[in-house]
Amino acid sequence: MKIFMHKLMTSVALTLIAAPAFAAEEGPFFSLRNNEFVVGVAFIAFIGLLIYMGVPKKVGGMLDDRATGIKNALDEARLLREEAKALLASYEAKQREVIEQSARIVATAKSEAEAAAVQAKADLQASIARRLAAAEEQLESSVKAAERAVRDQAISVSVAVAADVLKRQMTADQAAAAIDSSIAQVAAKLH
C-alpha cells in the first residue's frame, strides 16, 4: 500500500508540473471548467482505482498463468516432437530392416531359381540321354531283327531254290537215299 501511495503521489506531482502544457483554453488550468484538467484528474483517479483494486496484479497473474500454460504446452510439444522423432527413427529402422529382408528373400529366391534351372537342365539332359540310349537300343534291336528276318528269308529262299534245283536234278531213288541219309544224321546227332 505504501508503494501504491508513492506511485499515486508521483503521478499527481508530474501531472501538476506538466499542467501548463495541458492548458488549451484561456483561463486557469486547475479549474473544473477546463476539460483537460477534468479528464486528467479522472484518468489519474481511474489509474489509482485500478492499482487499488489490484488489477495490475490480477493481469500480471493472468499473464503469468498464460505464460505457464504456454510453457507447459511448449514442453509437451517438445516431448511429443521427441516421441515423434523416436517413432520415426523406429519406423525408418523397421523400413531398412524390411528392405534388407526383402533383398535377402529376392537373392535367395534368385539363387534357388538358378539352382532349379541348373537341376532342370541336368534332368533334361539325363532324360534326353536315356531316351537316346533307349532309341539306340531299339534301333539296334530293330536292325538285328531285320538282319534275322533277311537271313531267315534268304535261308528260306535258298532252301527253296536249292530244293527246286535238287528236285530238277535228282531222281526219285536219289531223293529217297538223301532223305534216308538226312534222317540217319539227325538220329546220330540226337543220340
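Looking at Ala107, Ala176, Ala187, Ala149, which is the one that is free of Cβ contacts under 8 Å to residues at least 24 places away in the same chain, loosely packed, with under 10 Cβ neighbours inside 10 Å and hydrophobic (A, V, I, L, M, F, W, C)?
Only one candidate passes the filter, namely Ala187.
Within the stretch 20-43, count every residue that is within 19 Å of Thr10 (Cβ to Cβ), part of a helix (DSSP H, G or I), at pLDDT 65 or above and not aliphatic (A, V, I, L, M).
So the answer is 3.
How about the stretch 152-173: which of its residues are exposed (fewer than 10 other Cβ atoms within 10 Å of the Cβ) and not acidic (Asp, Glu)?
Lys167, Arg168, Gln169, Thr171, Ala172
In the stretch 64-85, is there at least one residue being within 30 Å of Thr10 (Cα to Cα) and either among the aliphatic types (A, V, I, L, M) or more than 42 Å from the chain's Cα centre (by Cα) (or both)?
yes
The values are calculated or read from the model by the stated rules, or taken from the named source; none is laboratory data. The shown structure was predicted, so the numbers you read here are calculated from the model rather than taken from an experiment. Neighbour counts are summed over all protein chains in view; Cβ atoms, including those assigned to glycine, are modelled from backbone coordinates with ideal geometry.
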